[in-house]
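As structure tokens, the structure follows; a few thoughts come after it.
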Amino acid sequence: MGHAHAHAHAEGEGQANYFLDQLFTILVCGAVGLVAILMYKTGMLSRILVPMFFIPVLLGGVAILVLAAIRAVAVWQLAGARAAGANSIEDHTNEAGHSHSHSHSHGHDHSHAHEDCGHDHSHGEDCAHDHAHAHAAHSHGDDHGHDHGWAPWRYMVLAIPVFLYFLGLPREGFSSRPYATLSQGELQQGSIRKSLALLASGMAYRKPEPRELNLKFKELTSIAAVPSRHEQYEGDIGVLRGQFVPLKSDQHFTLFRVNMTCCAADAVFLETRIEAPEPVQGFSVNDWVWVKGVISFQKNEKGKWIPVITLKSNEDIRTAEPTADPDAF
Amino acid sequence: MRFGLRCSVMATLLALTPQHPGDHVEKAVYDFVLTFVSIIWEAFPFVVLGAIIAGILEEVVPQQAIAKLIPKNTLLAVCIGAVLGLVFPMCECGIVPVMRRLLRKGLPLGTCVAYMLAGPIINLIVISSTAVAFGPHGLGTEMVVLRVGLGFIVAVVTASIVQAQYGKYGNSLLTPLAAPQPAKVAAPVEVSDQEPIHPSEQRAGESRPIAQRVANISETALHDFIDIMVFLTLGACLAALAKGYFTPDMVQEISAGYPALTIIGMMVMAVVMCLCSEADAFVAASFTTLHPSAKLAFLVLGPMFDFKLLLMFTRVFRRRLIVTIVLSVSIQVFVYTLAVHYLWPYIVPPVSGE
């Protein structure tokens, strides 16, 4: 009698674990899918990803939600079939009067629970197969919670992004973050070396017939990185849009843009130094501005070439509309 | 699981360590959350795609059917695996569940490893992004050729080593979830290392109603989604923490004048940053003061091995195989890129005036 009871308990516990695991799989996957859809709908994705990823995240969310729904139906049916099966076995036992028949058929005692058991049963109605598999699992030991058993830590880990969403995190993208909290070195402050094309007086060299160029931020910083290309642009008039960051000197400031290729993890700060003839006033950190001035290039203290725009007058600075697109003019 | 838990405990301890006193704490937390969340959601659609493909493969493709298409010659099979990304482009996050199912379906381990390592580099999307990122620097063609070439060599050599190791140790190198299954067995499969096999084994090729098939696909897909996303989340956590401590500027300052140190530094950056292979070229191109060889190390190693991939590998490979792959890939990338550093004047003759 004790034998039969021990086994029944173990198998029942295994089934319970299996259904618990399936329930949490459905719930967590459904929650992750729902959050993906909500992130798309609320525009939260724009803080962490570039627009080309919005639709894939939405589709991923819908797909995982649909899969969770299908799985929920399948598990519901399986649970119903199990309940019906259990009832019929019970009826059979009562009628035939051999209450130990099921347990004895296994031929050995399992006083321990095995979390994989319920999983095996999910194969379908083929009882013999299921039981045979369960026995094989028993022979392995008790390390079965790894994959199909009840392993709550996995769901706790997966729930982190869901909780973060409902906490409203992250609240801002890099471009909205106050400059005061930017990393040291994310934007370079000083400069030590100017390109040869700059005049000794500090005035920017201007070509006899300068072009007026609507500059893309990424394009300008790419050119700065290749000294052989400086000559092409030095002396031309450039018009540029970016976010305002004051420097120590009130006549100098930095324009920056955050360049995300895919996500915030690959975000790079692009910067251009602006030199104005008079102290710059009326702009705050992170304000979007247009500037228009003569293009040159300087090396900063870390040896990196950065673009410099020298303004003719402070009227060449004006307020601009924000944009998240690093390729936008 | 034990390794994953250890990593998460380590990550928590690191997060609680007050490395950023005062105002920097807010910034550190902010950067951590932003980076952590962005890595997860960027990878999310690819993991879903990979999980669905894995579910379909498991349910529909009969055992050994794909393996029959692969040549018997090991080297040829490995080389095919290395260029498979041109036909089936997958990023490094989505490729792991697909590769695991292909392994179960009997595709040779060497071919799968070659696909897993080279697939995220040798595909048209990544080739284009590398060309676009380095094009303005006048190095588009050189970087594409070197990245693809080195990626191919590293993947083929590593996969060949792995295949040889498989000949010696067999399925004990793989987790039960990844171990190839026999074409048809009546009895359940005994697994030597105390882990259960997947429920859906042996289902493919059997005749059953479409509703049952869809239910089975959803079961496998959700199982793989959870399995991979958990470790992706832990990897993203590690990456976001490490990123706050280790920056390209630091690499530059520490390694100035020492090419070997710079290359090692950028290899560490690749492991730490966990960037998508479609985006990493743009980040590498922004390190304008670094030698191209160091950027190349970053670009070749990153898609093959980083924190998130390391944790994902634990769902497919045993420790012995993970160590083999990591060592082989790391050593090769270091040696080849160091060679590129010294051969660079011959690869790209210097332009006067620079």
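The values are calculated or read from the model by the stated rules, or taken from the named source; none is laboratory data. These figures come from a predicted structure and were not determined experimentally. Methodologically, a virtual Cβ is constructed for each residue, glycine included, from the backbone with ideal geometry; neighbour enumeration extends over all protein chains shown. Side chains included, ligands, DNA and RNA excluded: accessible areas come from the protein's heavy atoms. Shrake-Rupley method; radii C 1.70, N 1.55, O 1.52, S 1.80 Å.
Applying 0.36 nm per residue to the separation of A:Ala84 and A:Lys207 and subtracting their alpha-carbon distance, the gain on full extension is 35.4 nm. Shielding value for A:21-30 is 3, the average number of Cβ atoms from other chains within 10 Å of each residue's Cβ.
Tell me the Kirkwood radius of segment B:67-112: reciprocal of the mean inverse pair distance over distinct alpha-carbon atoms, in Å.
The answer is 10.8 Å.
Multiplying each eigenvalue of the alpha-carbon gyration tensor of segment B:228-311 by 5 and taking the square root yields semi-axes of 22, 13, 10 Å, largest first, rounded to whole angstroms. Under a Cβ-Cβ cut-off of 12 Å, what is the net charge of the residues other than B:Leu296 that fall near it, where Lys and Arg count +1 and Asp and Glu count -1? Net charge in that neighbourhood comes out at 0. Per-atom-type breakdown for segment A:248-329 gives carbon and sulfur 46% of the accessible area (1.4 Å probe, protein chains only). List, in the order given, every pair from A:Lys304/B:Lys243; A:Lys216/A:Lys304; A:Lys248/B:Lys295; A:Lys218/B:Lys295; B:Lys105/B:Lys168; A:Lys292/B:Lys243 whose Cα-Cα distance in the structure shown is over 25 Å. The answer is A:Lys248/B:Lys295; A:Lys292/B:Lys243. Sorted largest first by accessible area at a 1.4 angstrom probe radius, with every protein chain in place, the residues A:Glu321, A:Glu234 fall in the order A:Glu321, A:Glu234.
Computed with a 1.4 Å probe over protein heavy atoms only, the accessible area of A:Leu164 comes to about 20 Å². Computed over neighbours whose Cβ is under 14 Å from that of B:Pro120, the net charge equals -3, Lys and Arg +1, Asp and Glu -1.
Rg over Rh for segment A:226-301 works out to 0.99, both radii taken from alpha-carbon positions and Rh defined as the Kirkwood radius.
Using the empirical formula 2.2 N^0.38 Å as the baseline, the Cα radius of gyration of segment A:16-55 reaches a ratio of 1.59. For segment B:22-106, a Kirkwood hydrodynamic radius built from all Cα pairs, placed in the Stokes-Einstein relation at 25 °C and 0.890 mPa s, yields a translational diffusion coefficient of 160 µm²/s. In terms of accessible area, using a 1.4 Å probe and ignoring ligands and nucleic acids, A:Thr221, B:Thr233 rank largest first as A:Thr221, B:Thr233.
Which whole-number percent gives the relative contact order of segment A:212-329, counting Cα pairs below 8 Å spaced six or more residues apart?
About 31 percent, as a whole number.
The A:Ala324 and B:Ala65 beta-carbon pair, evaluated with R₀ = 51 Å, returns a calculated FRET efficiency of approximately 0.65. Projecting the Cα atoms of B:Val335, B:Thr247, B:His291 onto the charge dipole of segment B:238-354, computed from C-beta unit charges around the Cα centre, puts B:Val335 farthest toward the positive end.
For segment B:280-325, a decrease in accessible area of 20 Å² or greater in the assembled protein chains relative to the isolated chain, with a 1.4 Å probe, applies to B:Phe282, B:Val283, B:Ser286, B:Thr288, B:Thr289, B:Arg315.
Using a cut-off of 13 Å between beta-carbons, work out the net charge of the residues near B:Thr324 (Lys and Arg +1, Asp and Glu -1, B:Thr324 not included). Numbers along the way, then the final one.
Working: positive: B:Lys168, B:Arg318, B:Arg319, B:Arg320; negative: none.
Charge balance in the 13 Å sphere: +4.
Think of segment A:240-329 as a dipole: +1 on every Lys or Arg Cβ, -1 on every Asp or Glu Cβ, centred on the Cα centre; then among A:Phe256, A:Phe329, A:Trp305, A:Trp305 lies furthest on the positive end.
Note on exposure: A:Ile48, B:Ile347 ranked by accessible area (1.4 Å probe, complete protein assembly) read B:Ile347, A:Ile48, with the most exposed listed first.
The charge dipole of segment B:30-137, taken about its Cα centre with unit charges on the Cβ of Lys, Arg, Asp and Glu (plus for the first two, minus for the last two), comes to roughly 520 debye.
Legend: calculated FRET efficiency, B:Ala164 to A:Trp76, from the Cβ-Cβ distance at R0 = 45 Å, rounded to 0.05, equals 0.40. For segment B:84-183, a Kirkwood radius taken over Cα pairs fed into Stokes-Einstein (20 °C, viscosity 1.002 mPa s) yields D = 148 µm²/s.
Per residue of B:266-279, what is the mean number of Cβ atoms on other protein chains within 10 angstrom of that residue's Cβ? Mean partner shielding for this stretch: 2. Summarising the label geometry, the points placed 7 Å from Cα in the beta-carbon direction at B:Ile331 and B:Gln212 lie 5.1 nm from one another. Per-residue surface analysis assigns A:Arg229 an accessible area of about 60 Å², computed on protein heavy atoms at 1.4 Å probe radius.
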